[in-house]
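The values are calculated or read from the model by the stated rules, or taken from the named source; none is laboratory data. A quick note: this is a predicted structure, and the numbers were derived from the prediction, not measured. Glycine also receives a Cβ, built like all others from the backbone with ideal geometry; neighbour counts cover every protein chain displayed.
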Amino acid sequence: MNMLINGKLIDKDDKVAVINPFNNETVDEVPLAGAEDVKKAILAASQARRLMERMSSRKLSRILIDVHQELKENLEDFAKLITLETGKTIRDSRMEMQRSLETIQLSAEECKRVYGETIPMDAAITGRSVFGFTIKIPLGVVAAITPFNYPVNLAIHKLAPALGAKNSVVFKPSLTAPLAAMKLAEIMGHHLPPGAVNCVTGKSSEIGDELVTSDLINKISFTGSVATGLSIAHKAGLKKLTLELGGNDPLIVLDDADLDAAVSATMAGSYLNAGQVCIAVKRIIIQDGVADDFVDSLVEQTKKLKVGNPLDPKTDMGPLIDEYAALAVQSKVEDAVDGGAQLLCGGQRKGAFYQPTVLDQVQPDMQVVWEETFGPVSPVIRVRTEKEAYQMANYTKYGLQAGIFTQDINRAKRAVKCIEAGSVLVNKQSTFRTDNMPFGGFKLSGIGKEGVKYALDDMTRTKMVVIG
Ligand code: NAD
């Protein structure tokens, strides 16, 4: 697969292999860009921004629909590629592609609704005789940087709103799983003027700074880990920033909850994509009275999960992205067990595979819940009261989404008020997300919102017009 710079597909002698974590086979190779290549991509985007600014939103909407059509026709190829490069099950890859289609469709619709505002100027003492209104104008060049875990949909969440708002883009997908994202950029490139979309692959240590510090970049839209997000924020200077970072989302189960529903939600939330989801259920906070029944049922269901070849449609969970990721999970689980947590099932690693794991009697300061664990682990923290449950939910550096299971509307209302997170979901687990809802966390989980309408607005600047 090649990079895309100024409308041309670019290869390099220096390459890196993209490895299938299921069998360690090479799926493909991608070029390793140097700082010079990134400079060229930024320059191309900077020249193309004028063309983009002049394009009508009607035309851009049409282009996004055409891209949507092409993705739809190639859905199965995309899904297979995602599975090969990430180890995600084919069922989940198909679902990612269905969501990707929706995200791009929403962007095609939303880019026709970039409204300014009329300002009641006569509300101010000097404003009586003037008209005032705002217009939303493009930012210019957007750098889009994405992680490995949802390589297509997360890219579309940045690229489609950026382009829909008439910006040009330099896109850097994750080097661990770049293939489907590069294919997406190539398709977009066919429909747009040269330089409007550029896609570069390379080691972050070689090209990251060039992209992040360039004066020609007007906005960085980043999704990834807290460590990388903070480093980008320190280096970026005066640029608009959207940072969608890690999570440590709680699922609170109160003693009046529908336990079957709560267990199903935990299964869906803890093990989706082998737990490698920013909004995975990463802490289960449960009231003592129902904890034993809940845990028994969770363990029973967890043991039934079919772990194996992610291309087999019957597989529930594939490997993690690589062996390092699985080792990191192993180390956190071992640390918890050493500290007194009870390992009720799972806990074994083989290569990049980590068995779905339930840990009981977890304490809030243990690494497995204090840091973000990006793997298939359900850590159970027991609490006595409702109040303690909310305090525990907030006892974290993160604040992405949070789920609560209760049948009492008053408890639900209190939870919504108390919990410090970008979204609070009642009787749903944190992995629930629709691509049009405002999405983005508090605290170390980031700044800014995605979700098409919100992302699109954030891809514009506001210009005030006063007519005297
Ligand atoms: P990561 O931070 O390692 O990498 C993300 C991207 O940043 C990759 O493209 C990587 O190459 C690039 N990068 C790394 N260092 C860089 C630098 N110095 N300058 C510029 N770019 C650099 O994250 P990851 O391991 O790919 O993804 C997992 C993380 O992403 C988890 O923490 C997860 O919670 C988070 N995530 C968040 C969301 C969200 O919407 N909040 C969604 C998905 C994943």
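Note on the range 108-131: residues that are of a type outside the set (A, V, I, L, M, F, W, C) and closer than 30 Å to Gly451 by Cα amount to 9. Hey, any hits in the range 269-291 for a residue that's out of contact with any His (no Cβ under 9 Å at 6 or more places or on another chain), in the same structural domain as Pro147 (by TED's automatic domain parsing) and of a type in the set (D, E, K, R)? Checking the range 269-291: not a single residue is out of contact with any His (no Cβ under 9 Å at 6 or more places or on another chain), in the same structural domain as Pro147 (by TED's automatic domain parsing) and of a type in the set (D, E, K, R). When Ile63, Ile125 are checked against the criterion of being of a type in the set (A, V, I, L, M, F, W, C) and surrounded by fewer than 15 Cβ atoms within 10 Å (Cβ to Cβ), a single residue qualifies: Ile125.
Checking the stated criteria, Phe439 turns out to be touching a residue at least 60 places away in the same chain (Cβ under 8 Å) and within 15 Å of the ligand (Cβ to nearest atom). Set side by side, the residues Pro178, Pro194 differ, and just one is in the same structural domain as Glu96 (by TED's automatic domain parsing), within 14 Å of the ligand (Cβ to nearest atom) and modelled with pLDDT of 95 or more, which is Pro178. Output yes when any residue across the range 359-370 is assigned by TED's automatic domain parsing to the domain that holds Thr396, closer than 17 Å to Leu320 by Cα, modelled with pLDDT of 95 or more and not small (Gly, Ala, Ser), and no when none is. Yes, the range 359-370 contains a residue that is assigned by TED's automatic domain parsing to the domain that holds Thr396, closer than 17 Å to Leu320 by Cα, modelled with pLDDT of 95 or more and not small (Gly, Ala, Ser). Of all residues being part of a loop (DSSP other than H, G, I, E, B) and within 16 Å of the ligand (Cβ to nearest atom) in the range 134-167, which is nearest to Gly375 (Cα to Cα)? Just the residue, please. Ranking the qualifying residues of the range 134-167, first place goes to Asn149.
For the range 258-275, indicate whether the set of residues that are of a type in the set (Val, Ile, Thr), within 16 Å of the ligand (Cβ to nearest atom), under 30 Å from Ile321 (Cα atoms) and in contact (Cβ under 8 Å) with a residue 60 or more places away in the chain is non-empty. No, every residue in the range 258-275 fails to be of a type in the set (Val, Ile, Thr), within 16 Å of the ligand (Cβ to nearest atom), under 30 Å from Ile321 (Cα atoms) and in contact (Cβ under 8 Å) with a residue 60 or more places away in the chain. Scoring Ala455 on the criteria (1) assigned to a loop (DSSP other than H, G, I, E, B); (2) within 14 Å of the ligand (Cβ to nearest atom); (3) touching a residue at least 60 places away in the same chain (Cβ under 8 Å) leaves a single failure, condition (1).
Quick check on this structure: which one of Lys314, Lys203, Lys303, Lys240 is basic (Lys, Arg), surrounded by fewer than 19 Cβ atoms within 10 Å (Cβ to Cβ) and near the ligand (Cβ under 9 Å from one of its atoms)? Checking each option against the conditions leaves just Lys203.
Listed here are the residues, each with its yes/no results for (1) within 16 Å of the ligand (Cβ to nearest atom); (2) surrounded by 19 or more Cβ atoms within 10 Å (Cβ to Cβ); (3) among the hydroxyl-bearing types (Ser, Thr, Tyr); (4) within 17 Å of Glu372 (Cα to Cα).
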residue: Gly399; (1), (2), (3), (4): yes, yes, no, yes
residue: Phe405; (1), (2), (3), (4): no, yes, no, no
residue: Arg414; (1), (2), (3), (4): no, no, no, no
residue: Lys417; (1), (2), (3), (4): no, no, no, no
residue: Glu420; (1), (2), (3), (4): yes, no, no, yes
residue: Val426; (1), (2), (3), (4): no, no, no, no
residue: Gly446; (1), (2), (3), (4): yes, yes, no, yes
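When the criteria are applied in full, Lys332 meets the requirement of being assigned to a helix (DSSP H, G or I), in contact (Cβ under 8 Å) with a residue 24 or more places away in the chain, buried (at least 19 other Cβ atoms within 10 Å of the Cβ) and basic (Lys, Arg). The residues in the range 349-367 that are of a type in the set (A, V, I, L, M, F, W, C) and in contact with a Cys (Cβ under 8 Å, 6 or more places away or on another chain) can be counted, and the count is 1.
Against the definition (over 20 Å from the mean Cα position of the chain (by Cα) and in a loop (DSSP other than H, G, I, E, B)), how does Lys88 come out, yes or no? Considered against the rule, which asks whether it is over 20 Å from the mean Cα position of the chain (by Cα) and in a loop (DSSP other than H, G, I, E, B), Lys88 comes out as no.
Per-residue answers, yes or no, for (1) of a type in the set (Lys, Arg); (2) assigned to a helix (DSSP H, G or I); (3) in contact with a Cys (Cβ under 9 Å, 6 or more places away or on another chain):
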residue	(1), (2), (3)
Ser100	no, yes, no
Thr103	no, yes, no
Ser107	no, yes, no
Arg113	yes, no, no
Gly116	no, no, no
Asp122	no, yes, no
Ile125	no, no, no
Gly132	no, no, no
